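Engineer: One structure coming up, written as C-alpha coordinates, with questions to follow.
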Amino acid sequence: MRTVAGDEGWPLYSTGLTPEKFNQRRTGTKMTRAPLLAAALLITSLPCLAAEKGDAAAGKTKVYTCAGCHGIPGWKNPYPNYHVPKVGGQNYDYLVAALTEYKKGERAHPTMRAQGESLSEQDIRDIATYLSSLTP
Amino acid sequence: MKRFTASLLITTLAACATPAFAKGDIEAGKAKSVPCQACHGADGNAADPQYPRLAGQYHDYLERALREYKTGERKNPIMAGFATTLSEEDIVNVSAYFASLPGSKLTDLHDKVQGD
(Lines give C-alpha, C1' and ligand atoms only; values in the text may rest on other atoms or scores of the structure.)
Protein backbone atom coordinates (compact mmCIF):
# COMPACT_ATOMS: atom_id res chain seq x y z
CA MET A 1 0.00 0.00 0.00
CA ARG A 2 1.16 3.45 -0.81
CA THR A 3 1.78 6.01 1.88
CA VAL A 4 3.53 8.70 -0.08
CA ALA A 5 3.07 12.20 1.27
CA GLY A 6 0.66 14.18 -0.90
CA ASP A 7 -0.79 10.93 -2.06
CA GLU A 8 -4.37 12.14 -2.56
CA GLY A 9 -4.20 11.20 -6.23
CA TRP A 10 -4.21 7.52 -5.23
CA PRO A 11 -7.39 6.83 -3.38
CA LEU A 12 -8.06 3.60 -5.27
CA TYR A 13 -4.92 2.01 -4.00
CA SER A 14 -5.63 2.41 -0.36
CA THR A 15 -9.21 1.21 -0.78
CA GLY A 16 -8.59 -1.57 -3.26
CA LEU A 17 -11.84 -0.66 -5.02
CA THR A 18 -12.71 -0.38 -8.67
CA PRO A 19 -13.35 3.21 -9.82
CA GLU A 20 -17.11 2.60 -9.98
CA LYS A 21 -17.26 1.14 -6.48
CA PHE A 22 -14.96 3.86 -5.21
CA ASN A 23 -17.12 6.64 -6.62
CA GLN A 24 -20.25 4.94 -5.37
CA ARG A 25 -18.86 4.72 -1.92
CA ARG A 26 -17.42 8.21 -1.96
CA THR A 27 -20.56 9.90 -3.24
CA GLY A 28 -22.91 7.44 -1.62
CA THR A 29 -24.75 7.05 -4.90
CA LYS A 30 -25.17 4.57 -7.66
CA MET A 31 -23.79 6.04 -10.83
CA THR A 32 -26.69 7.79 -12.52
CA ARG A 33 -26.12 10.43 -15.17
CA ALA A 34 -25.70 13.45 -12.92
CA PRO A 35 -23.09 12.00 -10.58
CA LEU A 36 -21.42 10.49 -13.58
CA LEU A 37 -21.08 13.95 -15.07
CA ALA A 38 -19.86 15.29 -11.76
CA ALA A 39 -17.32 12.49 -11.56
CA ALA A 40 -16.22 13.20 -15.10
CA LEU A 41 -15.77 16.86 -14.25
CA LEU A 42 -13.88 15.95 -11.11
CA ILE A 43 -11.58 13.68 -13.05
CA THR A 44 -10.96 16.38 -15.64
CA SER A 45 -10.08 18.83 -12.89
CA LEU A 46 -7.81 16.38 -11.05
CA PRO A 47 -4.69 17.43 -12.94
CA CYS A 48 -5.21 20.91 -11.47
CA LEU A 49 -5.73 19.54 -7.96
CA ALA A 50 -2.56 17.50 -8.22
CA ALA A 51 -0.92 20.82 -9.01
CA GLU A 52 2.01 20.30 -6.67
CA LYS A 53 3.77 19.18 -9.83
CA GLY A 54 7.49 19.61 -10.13
CA ASP A 55 9.72 21.77 -12.27
CA ALA A 56 9.94 20.48 -15.84
CA ALA A 57 13.21 22.32 -16.56
CA ALA A 58 14.85 20.77 -13.50
CA GLY A 59 13.40 17.43 -14.55
CA LYS A 60 15.01 17.71 -17.94
CA THR A 61 18.50 17.94 -16.34
CA LYS A 62 17.70 15.12 -13.92
CA VAL A 63 16.77 12.62 -16.65
CA TYR A 64 20.24 12.88 -18.17
CA THR A 65 21.34 9.60 -16.56
CA CYS A 66 18.14 7.84 -17.61
CA ALA A 67 18.78 8.28 -21.31
CA GLY A 68 21.45 5.58 -21.34
CA CYS A 69 18.64 3.04 -21.15
CA HIS A 70 15.42 4.94 -21.90
CA GLY A 71 16.93 7.10 -24.64
CA ILE A 72 17.85 4.49 -27.16
CA PRO A 73 14.92 3.40 -29.35
CA GLY A 74 14.50 -0.36 -29.06
CA TRP A 75 17.06 -0.77 -26.23
CA LYS A 76 16.65 -4.01 -24.30
CA ASN A 77 17.12 -5.12 -20.74
CA PRO A 78 19.64 -8.01 -20.91
CA TYR A 79 18.43 -10.68 -18.42
CA PRO A 80 15.58 -11.37 -18.94
CA ASN A 81 15.50 -9.92 -22.40
CA TYR A 82 12.74 -7.34 -22.94
CA HIS A 83 12.53 -3.75 -24.15
CA VAL A 84 13.20 -0.94 -21.70
CA PRO A 85 9.76 0.74 -21.49
CA LYS A 86 8.93 4.06 -23.10
CA VAL A 87 8.51 6.57 -20.29
CA GLY A 88 8.15 9.84 -22.23
CA GLY A 89 4.51 10.96 -22.53
CA GLN A 90 3.43 8.61 -19.74
CA ASN A 91 0.89 9.97 -17.22
CA TYR A 92 2.23 12.14 -14.38
CA ASP A 93 0.57 10.45 -11.42
CA TYR A 94 1.52 7.00 -12.67
CA LEU A 95 5.16 8.05 -13.16
CA VAL A 96 5.33 9.38 -9.61
CA ALA A 97 3.86 6.10 -8.35
CA ALA A 98 6.16 3.91 -10.45
CA LEU A 99 9.32 5.75 -9.38
CA THR A 100 8.18 5.73 -5.76
CA GLU A 101 7.60 1.97 -5.97
CA TYR A 102 11.17 1.42 -7.16
CA LYS A 103 12.44 3.77 -4.44
CA LYS A 104 10.61 1.79 -1.76
CA GLY A 105 11.59 -1.55 -3.24
CA GLU A 106 7.99 -2.48 -4.14
CA ARG A 107 9.07 -3.00 -7.73
CA ALA A 108 12.00 -5.32 -7.95
CA HIS A 109 14.05 -4.39 -11.04
CA PRO A 110 17.59 -3.94 -9.57
CA THR A 111 18.89 -1.05 -11.69
CA MET A 112 15.61 0.85 -11.51
CA ARG A 113 15.57 0.37 -7.75
CA ALA A 114 19.03 1.87 -7.57
CA GLN A 115 17.80 4.80 -9.69
CA GLY A 116 14.74 5.23 -7.47
CA GLU A 117 16.77 5.13 -4.27
CA SER A 118 18.96 7.95 -5.54
CA LEU A 119 15.95 10.22 -6.17
CA SER A 120 14.30 12.54 -3.63
CA GLU A 121 10.54 13.08 -3.72
CA GLN A 122 11.21 16.46 -5.31
CA ASP A 123 13.40 14.80 -7.98
CA ILE A 124 10.58 12.35 -8.70
CA ARG A 125 8.04 15.17 -9.12
CA ASP A 126 10.40 17.16 -11.36
CA ILE A 127 11.20 14.12 -13.50
CA ALA A 128 7.54 13.06 -13.77
CA THR A 129 6.57 16.60 -14.76
CA TYR A 130 9.17 16.66 -17.51
CA LEU A 131 8.52 13.12 -18.78
CA SER A 132 4.73 13.56 -18.86
CA SER A 133 5.16 16.75 -20.91
CA LEU A 134 6.93 14.93 -23.74
CA THR A 135 5.28 13.99 -27.03
CA PRO A 136 6.46 11.45 -29.60
CA MET B 1 10.74 -24.02 -58.29
CA LYS B 2 13.93 -22.80 -56.70
CA ARG B 3 12.89 -19.23 -57.32
CA PHE B 4 9.45 -19.90 -55.88
CA THR B 5 10.98 -21.37 -52.72
CA ALA B 6 13.26 -18.38 -52.43
CA SER B 7 10.44 -15.88 -52.76
CA LEU B 8 8.36 -17.85 -50.30
CA LEU B 9 11.24 -17.70 -47.86
CA ILE B 10 11.56 -13.96 -48.37
CA THR B 11 7.84 -13.41 -47.81
CA THR B 12 8.00 -15.46 -44.65
CA LEU B 13 11.00 -13.53 -43.40
CA ALA B 14 9.37 -10.22 -44.22
CA ALA B 15 6.24 -11.23 -42.34
CA CYS B 16 8.34 -12.14 -39.32
CA ALA B 17 10.17 -8.82 -39.43
CA THR B 18 6.88 -6.92 -39.13
CA PRO B 19 6.32 -6.53 -35.38
CA ALA B 20 2.53 -6.90 -35.73
CA PHE B 21 2.93 -10.44 -37.01
CA ALA B 22 5.86 -11.36 -34.85
CA LYS B 23 3.86 -12.31 -31.78
CA GLY B 24 0.35 -12.53 -30.54
CA ASP B 25 -3.07 -12.47 -32.12
CA ILE B 26 -4.11 -8.81 -32.13
CA GLU B 27 -7.79 -9.51 -32.80
CA ALA B 28 -7.99 -12.02 -29.95
CA GLY B 29 -6.15 -9.51 -27.77
CA LYS B 30 -8.67 -6.83 -28.66
CA ALA B 31 -11.51 -9.04 -27.46
CA LYS B 32 -9.67 -9.64 -24.17
CA SER B 33 -8.97 -5.92 -23.73
CA VAL B 34 -12.59 -4.88 -23.13
CA PRO B 35 -12.42 -4.88 -19.29
CA CYS B 36 -9.07 -3.08 -19.42
CA GLN B 37 -10.48 -0.08 -21.28
CA ALA B 38 -12.33 1.25 -18.24
CA CYS B 39 -9.02 2.32 -16.76
CA HIS B 40 -6.49 2.25 -19.58
CA GLY B 41 -8.78 4.00 -22.09
CA ALA B 42 -10.56 2.71 -25.18
CA ASP B 43 -7.57 3.87 -27.23
CA GLY B 44 -5.01 2.68 -24.65
CA ASN B 45 -4.13 6.30 -23.77
CA ALA B 46 -5.56 6.43 -20.24
CA ALA B 47 -6.94 9.93 -19.72
CA ASP B 48 -6.99 9.59 -15.92
CA PRO B 49 -3.36 10.28 -14.94
CA GLN B 50 -3.25 7.60 -12.25
CA TYR B 51 -3.42 4.84 -14.89
CA PRO B 52 -0.51 4.08 -17.21
CA ARG B 53 -0.85 4.55 -20.94
CA LEU B 54 -0.39 1.28 -22.77
CA ALA B 55 -0.89 2.25 -26.43
CA GLY B 56 2.36 1.85 -28.34
CA GLN B 57 4.32 0.51 -25.35
CA TYR B 58 6.70 -2.35 -26.21
CA HIS B 59 4.73 -5.62 -26.30
CA ASP B 60 7.41 -7.58 -24.45
CA TYR B 61 7.48 -5.05 -21.60
CA LEU B 62 3.67 -5.23 -21.29
CA GLU B 63 3.87 -9.04 -21.22
CA ARG B 64 6.51 -8.92 -18.54
CA ALA B 65 4.46 -6.52 -16.39
CA LEU B 66 1.37 -8.74 -16.67
CA ARG B 67 3.34 -11.87 -15.74
CA GLU B 68 4.80 -10.04 -12.75
CA TYR B 69 1.35 -8.99 -11.54
CA LYS B 70 0.18 -12.56 -11.99
CA THR B 71 3.02 -14.04 -9.94
CA GLY B 72 2.84 -11.23 -7.38
CA GLU B 73 6.39 -10.14 -8.10
CA ARG B 74 4.92 -6.72 -8.95
CA LYS B 75 2.39 -5.90 -6.30
CA ASN B 76 -0.79 -4.08 -7.15
CA PRO B 77 -4.15 -5.29 -5.88
CA ILE B 78 -6.11 -4.00 -8.89
CA MET B 79 -3.82 -5.38 -11.58
CA ALA B 80 -3.24 -8.65 -9.73
CA GLY B 81 -6.99 -9.22 -10.00
CA PHE B 82 -7.03 -8.61 -13.74
CA ALA B 83 -3.78 -10.43 -14.56
CA THR B 84 -4.87 -13.64 -12.87
CA THR B 85 -7.86 -13.82 -15.24
CA LEU B 86 -5.45 -13.95 -18.20
CA SER B 87 -3.85 -17.12 -19.55
CA GLU B 88 -0.31 -17.00 -20.93
CA GLU B 89 -1.82 -16.84 -24.42
CA ASP B 90 -4.15 -13.98 -23.39
CA ILE B 91 -1.15 -12.08 -22.00
CA VAL B 92 0.70 -12.35 -25.30
CA ASN B 93 -2.39 -11.39 -27.33
CA VAL B 94 -3.54 -8.48 -25.19
CA SER B 95 0.02 -7.09 -25.07
CA ALA B 96 0.27 -7.35 -28.86
CA TYR B 97 -3.06 -5.51 -29.13
CA PHE B 98 -2.10 -2.56 -26.89
CA ALA B 99 1.36 -2.33 -28.47
CA SER B 100 -0.24 -2.15 -31.92
CA LEU B 101 -2.65 0.71 -31.18
CA PRO B 102 -2.19 3.85 -33.29
CA GLY B 103 -2.03 7.32 -31.76
CA SER B 104 0.47 6.38 -29.06
CA LYS B 105 1.53 9.26 -26.85
CA LEU B 106 4.55 7.38 -25.51
CA THR B 107 8.12 8.06 -26.56
CA ASP B 108 11.62 7.11 -25.54
CA LEU B 109 14.06 9.83 -24.46
CA HIS B 110 16.04 9.99 -27.66
CA ASP B 111 16.90 13.68 -28.25
CA LYS B 112 14.96 14.63 -25.15
CA VAL B 113 17.63 15.19 -22.52
CA GLN B 114 19.76 18.23 -21.75
CA GLY B 115 22.58 18.61 -24.23
CA ASP B 116 20.94 16.59 -27.00
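The values are calculated or read from the model by the stated rules, or taken from the named source; none is laboratory data. Keep in mind that this is a model prediction, so the values were computed, not measured. Here the Cβ is made from the backbone with ideal geometry for all residues, glycine too, and neighbour counts use every protein chain on show. Side chains included, ligands, DNA and RNA excluded: accessible areas come from the protein's heavy atoms. Shrake-Rupley method; radii C 1.70, N 1.55, O 1.52, S 1.80 Å.
Engineer: In region A:56-133, what percent of the accessible surface is made up of carbon and sulfur (1.4 Å probe, ligands and nucleic acids excluded)?
Structural biologist: Working: 2120 of 3520 Å².
Its accessible area is 60 percent carbon and sulfur atoms.
Engineer: Another question about this same structure. About its Cα centre, how strong a charge dipole does region B:22-100 have in debye, to the nearest 20, once Lys and Arg get +1 and Asp and Glu get -1 at the Cβ?
Structural biologist: On the way: 9 positive and 11 negative charges, 41 e Å.
Roughly 200 debye for region B:22-100.
Engineer: Here's a follow-up. For A:His83, list long-range residues whose amide hydrogen, built 1.01 Å from N in the peptide plane, is under 5 Å from its own amide hydrogen.
Structural biologist: Result for A:His83 returns A:Asn77, B:Asp60, B:Tyr61.
Engineer: Ignoring everything but the protein chains, give the 1.4 Å probe accessible area of B:Lys70 in square angstrom, nearest 10.
Structural biologist: Roughly 90 Å² of B:Lys70 is accessible to a 1.4 Å probe.
Engineer: Going highest first, how would you order B:94-101, B:59-66, A:115-122, B:33-40 by mean Cβ packing within 10 Å? Please list the in-between numbers first.
Structural biologist: Details: B:94-101: 24.0, B:59-66: 22.2, A:115-122: 14.1, B:33-40: 15.8.
The most tightly packed comes first, giving B:94-101, B:59-66, B:33-40, A:115-122.
Engineer: Something else now. Would you tell me the mean number of C-beta atoms belonging to other protein chains that fall within 10 Å of each C-beta in B:34-40, as a whole number? Let's see the in-between values first.
Structural biologist: Values: counts 0, 0, 0, 0, 3, 3, 0.
Averaged over the peptide's residues, the number is 1.
Engineer: Given a 1.4 Å probe and no ligands, DNA or RNA in the count, how much accessible surface is buried by A and B, both sides, to the nearest 100 Å²? Can you show the working numbers first?
Structural biologist: Numbers: alone 9280 and 8160 Å², together 13900 Å².
In total, chains A and B hide about 3500 Å² from solvent.
Engineer: Next up: Share of region B:22-100's accessible area from carbon and sulfur, percent, 1.4 Å? Working shown, then result.
Structural biologist: Details: 2020 of 3410 Å².
About 59 percent, which is the carbon plus sulfur part of the accessible surface.
Engineer: While we're looking at this one, here's another question. For region B:22-100, what does the accessible surface come to per residue with a 1.4 Å probe? Please give it in Å². Before the final figure, lay out each step's value.
Structural biologist: Details: 3410 Å² over 79 residues.
Each residue of region B:22-100 exposes 43 Å² on average to a 1.4 Å probe.
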